[in-house]
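Read through the structure below, which is laid out as structure tokens, and then see the notes.
The values are calculated or read from the model by the stated rules, or taken from the named source; none is laboratory data. Bear in mind that the values here come from a model prediction, so they are computed numbers and not experimental data. All Cβ positions, glycine included, derive from the backbone under ideal geometry; neighbour counts span all protein chains shown. Please note that ligands, DNA and RNA were not included when accessible areas were found on the heavy atoms of the full protein model with its side chains. Shrake-Rupley method; radii C 1.70, N 1.55, O 1.52, S 1.80 Å.
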Amino acid sequence: MSMAPPSEPVPEVTVIVVSYNTRELTLRAVETLLANAGPVAMRVVVFDNASADGSAEAVAAAFPGIETIAHPENIGFARANNLVAQTVTTPWLCLLNPDTETHPHAIANLLAFAKARPQAGVTGGRTVFPDGSLNPASCWRRITPWSLFTQTTGLARAFPRSSLFNPEAMGGWRRDSVREVDIVVGCFLMISTALWRELGGFNRRYFMYGEDADLCLRARALGYRPMITPDAQIMHLVGASTRKRGDKIVAVMRAKATLVRDHWPAWLAPLGIAQLWLWGLARRIGAGLSRDPDERARLMQIWRNRRDWLAGY
């Protein structure tokens with residue numbers, strides 16, 4: 001009498017990886033995801049945004065058991081995730097960046113945490129750099145008039161471990177405890193498919209940067225309280241360098257201007273835009289004082305492009 005082969009477990013979470021010209025990093029991201037996710041049934045989808053480095057072909061060849069989508073144009077992080085999410089039938093979604101390495105049981109632990117705390121709505125884990133040191137950019141507090149003041153005046157940089165003077169980064173908190181946050185960063189973000197669809201996914205206006213903040217702030221407006229757990233950890237490369245390219249900072253500032261307009265009271269938003277302008281002016285002054293030609297060029301680029309990023313998306 002022949003025995004029927006055991007059926008595959010029904011996936012409980014869909015993990016979405018959106019890549020763009022990160023071939024080797026993406027291969028490592030998928031490799032560690034499959035090896036270290038933990039006891040959880042997953043559907044894994046890699047969406048490639050028209051990379052020129054053969055990312056999609058390499059991933060498809062190396063991991064034929066997952067889904068790889070080679071999109072003909074770069075449609076950005078938000079739209080790419082939205083497109084994949086439309087096909088999701090699992091009860092949970094997990095967003096994972098291609099420049100990450102999953103640590104043991106990270107996905108399973110994050111899923112268990114999300115299930116145990118439905119009031120969170122959006123959950124995330126702890127991120128570290130390749131050397132194991134803390135990468136604090138797994139979560140943030142929201143932008144406020146006070147946080148913009150501390151950044152413009154340099155207080156946040158002068159007192160990085162102070163929750164008062166560095167409020168968006170939550171001071172010296174090492175992400176080593178369960179805690180409510182305003183924003184879970186999209187590099188490692190878990191959300192129920194039902195809530196994702198209730199929110200309409202990412203706002204497509206946010207081409208790159210800010211879409212995760214907007215999503216979490218809209219969830220908070222519905223009464224949810226996003227949370228972080230240290231029991232789900234990944235390595236994430238972004239932010240490892242202290243020197244950011246000017247074009248990246250311009251994109252981040254464009255997202256900040258949009259977040260101010262979208263999530264501050266209408267009467268207060270002009271103050272926020274003025275504070276962002278002052279932040280840019282402070283960088284222009286800093287360019288004149290810097291002896292580093294690369295830093296001067298970067299700071300001048302930010303100032304020259306102020307009309308673009310102040311306009312937002």
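Which GluC sites (Glu not before Pro) in segment 1-73 pass both tests, a DSSP loop state and at most 14 other beta-carbon atoms within 10 Å? Could you put the intermediate results ahead of the total?
On the way: sites: GLU12, GLU24, GLU31, GLU57, GLU67, GLU73; in loops: GLU12, GLU73.
Here the sparse-neighbourhood loop sites are GLU73.
Mind checking the dipole of segment 128-184: about its Cα centre, +1 per Lys or Arg Cβ, -1 per Asp or Glu Cβ, Debye to the nearest 20? Don't skip to the end; give the middle numbers.
On the way: 7 positive and 5 negative charges, 20 e Å.
It comes to approximately 100 debye.
I want to verify a result. In a Gaussian network model of the chain, Cα cutoff 10 Å, which of these has the top mean-square fluctuation: ALA269, ALA213, ALA52?
Residue with maximal mean-square fluctuation among ALA269, ALA213, ALA52: ALA52.
May I ask you to derive the FRET efficiency for ARG307 and ARG245 from their Cβ-Cβ distance with R0 = 22 Å, giving the value to the nearest 0.05?
Working: r = 19 Å, r/R0 = 0.88.
E(calc), rounded to 0.05, equals 0.70.
In sequence order, what are the phi-derived ³J(HN,Hα) couplings for segment 112-125 according to the Karplus relation 6.51 cos²θ - 1.76 cosθ + 1.60 with θ = phi - 60°, rounded to whole Hz, with x for glycine and proline?
4, 5, 5, 5, 6, 10, x, 5, 6, x, 10, 10, x, x
HN-Hα J couplings of segment 47-54 from phi, Karplus 6.51/-1.76/1.60, θ = phi - 60°, integer Hz, Gly and Pro as x?
10, 9, 8, 6, 5, 9, 9, x
With just the Cα atoms of segment 135-232, tell me how far they stretch along each of the three principal axes, in Å, largest first.
41, 32, 24
Using a 1.4 Å probe, what is the accessible area per residue for the chain, in Å²?
Working: 14790 Å² over 313 residues.
Heavy-atom SASA per residue in the chain reads 47 Å².
Given the options SER162, SER290, SER138, which has the most mean-square fluctuation in a GNM of the chain, springs set between C-alpha atoms less than 10 angstrom apart?
SER290
Given segment 1-92, what whole percent of its Cα pairs are spread farther than 15 Å? If you can, show how the numbers build up before the last one.
Details: 2547 of 4186 pairs.
For segment 1-92, the share of Cα pairs beyond 15 Å comes to 61 percent.
Would you pull out the residues with amide H under 5 Å of VAL15's amide H, same chain only if 5 or more places away, H placed 1.01 Å from N?
Those lying under 5 Å, H to H, from VAL15 are ARG43, VAL44, VAL45, CYS94.
Could you give each residue of segment 271-278 its phi-based ³J(HN,Hα) in whole Hz, using Karplus coefficients 6.51, -1.76, 1.60 with θ = phi - 60°, and x for Gly or Pro?
Result, rounded to whole Hz: 5, x, 5, 5, 5, 5, 4, 5.
How far apart, in nanometres, would the label points at TRP146 and SER133 be if each is projected 7 angstrom from Cα along the Cα-to-Cβ direction?
So the label points at TRP146 and SER133 sit 2.9 nm apart.
To the nearest 20 Debye, how big is the dipole of segment 44-134 about its Cα centre, given +1 on the beta carbon of each Lys and Arg and -1 on that of each Asp and Glu? Let's see the in-between values first.
Details: 4 positive and 8 negative charges, 122 e Å.
That gives segment 44-134 a dipole magnitude of about 580 debye.
Segment 57-86 to segment 95-162: how many Å between their Cα centroids?
25 Å
Using R₀ = 25 Å, calculate the FRET efficiency as 1/(1 + (r/R₀)^6) where r is the Cβ-Cβ separation of GLU180 and ALA266; round to 0.05. Please list the in-between numbers first.
On the way: r = 27 Å, r/R0 = 1.07.
The value I calculate is 0.40.
Along the charge dipole of the chain, which of PHE202, LEU310, HIS103 sits closest to the positive end, that is, farthest toward it, with unit charges on the beta carbon of Lys, Arg, Asp and Glu (+1, +1, -1, -1)?
Value: LEU310.
Given the chain, what percent of its DSSP beta bridges are antiparallel, to the nearest 5? Kindly include the intermediate steps, with their values, before the conclusion.
Working: 17 of 38 bridges.
Antiparallel bridges make up about 45 percent of those DSSP assigns within the chain.
What residues have an amide H closer than 5 Å to that of GLN233, excluding those fewer than 5 places away on the same chain, when H is modeled at 1.01 Å from N in the peptide plane?
Answer set, sorted by chain and number: HIS103, ALA106, ARG126.
For the chain, what are the per-bin percents of Cα-Cα distances with bins 10 Å wide, up to the bin holding the maximum?
Result returned by the calculation: 6, 25, 35, 23, 8, 1, 1, 0, 0.
Per the helix-only calculation at 222 nm, which mean residue ellipticity applies to the chain, given -39500 (n - 2.57) for every DSSP H run of n ≥ 4 and division by its residues, nearest 500 deg cm²/dmol? Don't skip to the answer; put the middle values down first.
Details: 12 runs with 131 residues, N = 313.
Roughly -12500 deg cm²/dmol at 222 nm, from the helical runs in the chain.
Given the options ILE66, ILE107, ILE183, state which has the largest fluctuation in a GNM of the chain using a 10 Å cut-off (strictly under) for Cα springs.
The residue with the greatest mean-square fluctuation here is ILE66.
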